[in-house]
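What follows is a set of notes on a single structure, which appears directly below.
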Amino acid sequence: MHIADLTAAIGQTDNSDVQFIYRQQLASSRNNLRALNQWITAYSGTYTPTYITQSSYNEIINSPWNRSRCNNTSFFKFRNFLHEPRIIS
């Protein structure tokens, strides 16, 4: 469900920083699905996706693992935003 929710959420915001975080989460979720698939396959199990289509599932598990893009400018802007001192009154 996480992959479907994130995919929908990316299209529902114009905020590039939020889109960046959603895309990072989506990449992690896709990697988690790949890892799950490896374990299921190793134990001769099967998995049928519920929240994404079978073709989307097949595309994810057959594509390369995602790598973090921490050199992205949006990431550094977001990181700096989180670490800026704030005065709360």
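Observations on the model:
- Subset of segment 35-54 that is among the polar types (S, T, N, Q) and within 21 Å of ASN66 (Cα to Cα) - its residue that is farthest from the chain's Cα centre (by Cα): THR41
- Inclusion of ALA27 among residues that are touching a Phe, Trp or Tyr at 6+ places or on another chain (Cβ under 6 Å) and surrounded by 15 or more Cβ atoms within 10 Å (Cβ to Cβ) is not warranted.
Each reported figure results from applying straightforward, stated rules to the coordinates on display, with no laboratory input. Predicted model, so just to flag it, every value in this text is computed and none were measured. All Cβ positions, even for glycine, are placed from backbone atoms using ideal geometry, and neighbour counts span all protein chains on display.
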